[in-house]
Structures are given as structure tokens and as C-alpha cells.
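Here's the structure we're looking at; comments come further down.
The values are calculated or read from the model by the stated rules, or taken from the named source; none is laboratory data. None of these values were measured; they are calculated from a predicted model. Note that we place each Cβ from the backbone using ideal geometry, even for glycine, and neighbour counts take in every protein chain shown. In case anyone asks, the SASA skips ligands and DNA or RNA and just uses the protein heavy atoms, side chains included. Shrake-Rupley method; radii C 1.70, N 1.55, O 1.52, S 1.80 Å.
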Amino acid sequence: MLAKVYSHAVLGIDAYRVDVEVDITHGQPFFNTVGLPDLAVKESRDRVRAAIKNSGYSFPNQRIIVNLAPADIHKEGAALDLPIAVGILSAMGNVSPERLRDYSLIGELSLDGGVKAISGVLPLAMGARADGCTGILAPTDNANEASIVSGIQVIPVSTLQQVINFLNGTLEISPSRIDIEALFNQASHYIEDFQDVKGQEHAKRALEVVAAGGHNVIMIGPPGSGKTMLARRLPSILPPMALQESIETTKIHSISGLLGPKSSLIATRPFRSPHHTVSNIALIGGGAVPRPGEVSLAHHGVLFLDEMPEFQRGALEVLRQPLEDGVVTIARASMSLSFPARFVLCGSMNPCPCGYLTDPRKECTCTQGQIQKYVSKLSGPLLDRIDIHIDVPAVAVQDLSKDSGGESSAHIRERAKSARVRQIERFKDREGIFCNGHMSTRDLKHYCPMTADAQKTLESAISNLGLSARAYDRIRKVALTIADLAEEDIVDVPHIAEAIQYRTLDRHLWL
């Protein structure tokens, strides 16, 4: 007795088809699963046996072999419980084979026969559609998430018996449907707002430039100056997410099991803030079977590294590839996987180990050597990828007493959005570039026209202020974004002058 059931599994951030083949023959009772299953898949035999019995069916007291094809790809997780159970019942003659050919089955089984929610349903549904399946049978709790994928039926199921009755045609289940645009609009609201931030007008303006041009930024200031508060509100002024960006981000969070029970679509820019003790693998992604790390979870959003010098140097250095390429490639002996990682890096640091070097109210206790050592923890190659350095001084008392913090995020976001529209038009013939922050030195020569006076101002600043060579191109990039915000096509002196202010670490103002 042989049966085949279709399912899907995740590899990287994409899904591939798994053919669950079940063979039941006479012989000593035996249950074995082959096809590179991990421990969770091997343990499914106990869950499947109990679920079948508790659903009112008899479990065969025979030799059972379950093959998960393709057999050379490692299978993990409990999502294959449901297709294995259905395969066994189909081999016993309890399931009609007609509908089995049209549907992909996914779901974890509980011992009483219930179908429990799993992670990664969105890419699994997309994989089923790509493979030509009519529909996908998914846990009821995952149905809304799967319904985001158009062009495929999503059949919500809650018990094994319900699945069997549906496949036999004795029970009709209405496909789950969802209004994607309404859900997207409902979910695209931010809790944090720049209106909550009092004072720090210089920092707010710098972050507006960051949002408009997709630049990486680092904030330098004493403890309590509001660096974290500003960083948490940075996603709220980034241009609104497009639906395709939302789906890409949701895929990554779905695979990582980070979607809440009532959340089926991420429509706001993600904000990730790992602790400074984070490991390289947790930050960049990896493992025996590579999984997305924090840089991929921040895709299309913001990765905030609070107190950057406190992070392990190795962890900071692994950021160089995603900052440069917008993708993370993880190689293993048996596979090489790529994860998207196009994010805005937002870092913060104190000006010295004690934090009070630039604070007018508290005295710094650090020596010159300690300050130099602390600042130098950020390597040159990493700083090469950070366009904007800004001072965030302690907030004045008179600013704290104000009733309002100024402009709302919505107003700032509209200006950033308009600037991005100009950049999309500018780079329409240049593949792989979507904003000024992605430009290389070669691109600057072509896309960043400057007036003669602006060129002289920049050269003078490099010579007189002691700016490093790396600052030259960074200033031009940022100045182009400032010009976009002003709706001007050519970089002029005021744009260069403002951009020069955003190179604090190069000017060594406190050393």
C-alpha cells in the first residue's frame, strides 16, 4: 500500500515542494522516516500515531516507511505532521486520492488530532502557488497569513478528521479570504512619533536626511540625551512601505516565528535593536541550517545598535557585507543561502567611556588615551559605510518644559517620500540603486552634479577642517539628498555646508 501527499518546507526564505511518500507493508511493526529529517520530524511518529487514534481511526500495526523527497535536503520542524498522518490514512484506504493531487498540506498535530499553527506559512503558500497547487490546507490560526497570497485557495483546518472529510468530499470548507489593501492600511500605523521628542532640532533634521536618502547614521551624545528615543522614531519618517516590501518583510518574520497570533502582515518599517552581547550568528544569520539574523529581520527597516563600541568587534565587522550589498550570503558544506538585508543602520555611542565629555553639567573623568581607545573601537572600514555622524547634546531644561516637540512624523515622512521619488526617477536606468545612500564613487561622478562654488567649499573643508578622505564622497552623497529635500537638481554651497556638519567623527571635535 503506497500513498503520496504533497507538502512544502522552507529553505532559506523560500519554499520547496516535499513529496511525502508512505509505504505500508506486512511485517514486524515498525515506523521509520527517511529523507534527512531532523529530530522534530523524527518525533512526529509519536504525535501522528496518537492523533490518528484519537481522531477515531485505527493505526496500522505493520511496517511503515515514510520518505520525504527530495531526500538530499534537510527537513526540520513539525509542519510535516499533517501530511505524514494523511499519507498513512491514504495508504490504508481512508482517503480518496483525487483531491490529494491538488492540495499542499501543512500543519503540526496535537495528540488529540488538532492542527496547530506553525511558522513560515506565508512562504509555504507562495511555494504552493508557484508549484501549481490548487490550494493549501493550513491551520486555522495561520489562514489569514496564508490568504495574503493571491491565486491559491487557502483551506483553514483545525482537526485531522476535518482534513480527511474535506479530502473525501464529505465536508466543504470555504476558502479563507482577506482584503489585503484594507489589512495593509490598517497595519501601517506607527505608535512612536517625532512629535514626542522635545528639542534636538539638529538631530531631527539629520534623521530627516537619513530617511530621505537611505543613509546610515551614528549619533554621539551623553547618556539621557535622547539617542534611543530618536532612533525608535526613525522608522516612522521613512517612506511608507510598498505592498511588495511588506510581503518580503513578513516572509522573513514568518520564518523566524515572530508574527503575533493576530498579525498576518507587517506594514510598518521593522525596528530591530539587538543587545551588545549578540553573537555573530544571531546578528548576521546562520546555524547548521541557516536562519535569518537580525540584519535580515531589519530588512526594509532600521537596525539600531545602541552603544556601538560595546559590541564585539567581530560582530560589527560582519555588518560590512550587508551594508555594502544589501544581502547576506551564508555558505555551508552542503548549501549556500542568501538572505535579504537592505536596512538603514542607526548606531549610537557616548563621546567617551564615562559618557560625559560633551555634557556641560557633568565633568568627564576619562583620560585622553581612554577616549581615543574608545572611539577607535569603530574600525575605518565600518565607518566608511556610515554617511552621517551627528552630535546629540543633552536636552536643555527650557526644551523639556515645552508642551509640544515640534513636527509630527507624518509631515517629515511626506518630505522624505518626495525626495525618494526624485531619487527613484534619477536611478531608473541604474539597476540595484534605489536611493542616494546606495551610490558608489563611480555613481557620484554621474549622478551628483555640483556648482563650482560648491566644489570649492568642499575642497576647502577637507583641507581646513582636517576631514578624512572617506568624508569626501560621504559629504557629496548627503549633500545630494539635502538638495533633493529642497527640490533642487544641482548641489550648491548651502547643501555642502549642511552636509559637512554631519561628519562629527571625522572632525574629532572633542579630541
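What the table shows:
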{"quantity": "Fraction of the pair-distance distribution of segment 366-511 above 24 Å, Cα-Cα pairs, percent", "calculated": "43"}
{"quantity": "Linear extension gain, Lys53 paired with Asp112, 0.36 nm per residue minus alpha-carbon span", "calculated": "20.4 nm"}
{"quantity": "Size of electric dipole in the chain: Cβ of Lys, Arg +1 and of Asp, Glu -1, about Cα centre, debye, nearest 20", "calculated": "660"}
{"quantity": "Extension gain (nm, one decimal) between Gln28 and Asp193, 0.36 nm per residue minus Cα-Cα", "calculated": "52.7 nm"}
{"quantity": "Cross-link table Lys4/Lys53; Lys227/Lys428; Lys198/Lys362, entries beyond 30 Å C-alpha to C-alpha", "calculated": "Lys227/Lys428"}
{"quantity": "Overall form of the chain per C-alpha gyration tensor (a/c, 1.5; a/b vs b/c)", "calculated": "prolate"}
{"quantity": "Proximal aspartates and glutamates to Lys204, defined as alpha-carbon separation beneath 18 angstrom and excluding residues fewer than eight positions away on the same chain", "calculated": "Glu192, Asp193, Asp196, Asp306, Asp387, Asp391, Asp399, Asp403, Glu407, Glu414, Asp484, Glu498"}
{"quantity": "Nitroxide proxy distance, nm - points 7 Å out along Cα→Cβ at Lys362 and Asp429", "calculated": "5.5"}
{"quantity": "GluC sites (Glu not before Pro) restricted to segment 10-98 and DSSP loop, no more than 13 other C-beta within 10 Å", "calculated": "Glu98"}
{"quantity": "Heavy-atom surface of the chain, accessible at 1.4 Å and reported per residue (Å²)", "calculated": "43"}
{"quantity": "Average Cα contact separation per residue, the chain, under 8 Å, 6 or more apart, as relative contact order %", "calculated": "13"}
{"quantity": "FRET efficiency for Ser273 and Arg177, using Cβ-Cβ distance with R0 set to 30 Å, rounded to 0.05", "calculated": "0.25"}
{"quantity": "Solvent-accessible area, 1.4 Å probe, carbon plus sulfur percent, for the chain", "calculated": "49"}
{"quantity": "Shape category assigned to segment 279-325 from the gyration tensor of Cα positions, a/c cut at 1.5", "calculated": "oblate"}
{"quantity": "Cysteines (scope the chain) whose Cβ has no counterpart Cys Cβ under 4.7 Å", "calculated": "Cys133, Cys346, Cys354, Cys364, Cys435, Cys448"}
{"quantity": "Gain upon complete extension [Val421, Gln372; 0.36 nm per residue less C-alpha separation]", "calculated": "13.5 nm"}
{"quantity": "Relative packing of peptides 233-245, 485-497 - highest average C-beta neighbours within 10 Å first", "calculated": "233-245, 485-497"}
{"quantity": "Inter-centroid distance (Cα atoms) of segment 307-329 relative to segment 449-511, Å", "calculated": "26"}
{"quantity": "Beta bridges per DSSP with both ends in segment 9-153, % antiparallel, nearest 5", "calculated": "55"}
{"quantity": "Centre separation in Å (Cα based) which lies between segment 208-240 and segment 10-82", "calculated": "49"}
{"quantity": "Hz values of 3J(HN,Hα) by residue in segment 327-335 - Karplus curve (6.51, -1.76, 1.60), Gly and Pro given as x", "calculated": "8, 10, 10, 10, 9, 10, 4, 9, 6"}
{"quantity": "Under-5 Å amide H pairs with Val392, H placed in peptide plane, nonlocal only", "calculated": "Ile220, Gly221"}
{"quantity": "Paramagnetic label zone (point 7 Å from Cα along Cα-to-C-beta, Ser440; backbone N under 16 Å) in segment 314-343", "calculated": "321-327"}
{"quantity": "Sequence ranges 248-258, 444-454, ranked by mean other-Cβ count within 10 angstrom, highest first", "calculated": "248-258, 444-454"}
{"quantity": "Distant-in-sequence amide H partners of Phe31 (H built 1.01 Å from N, under 5 Å)", "calculated": "Ile64"}
{"quantity": "Rounded if a/c under 1.5, otherwise prolate or oblate - segment 188-322, Cα gyration tensor axes", "calculated": "oblate"}
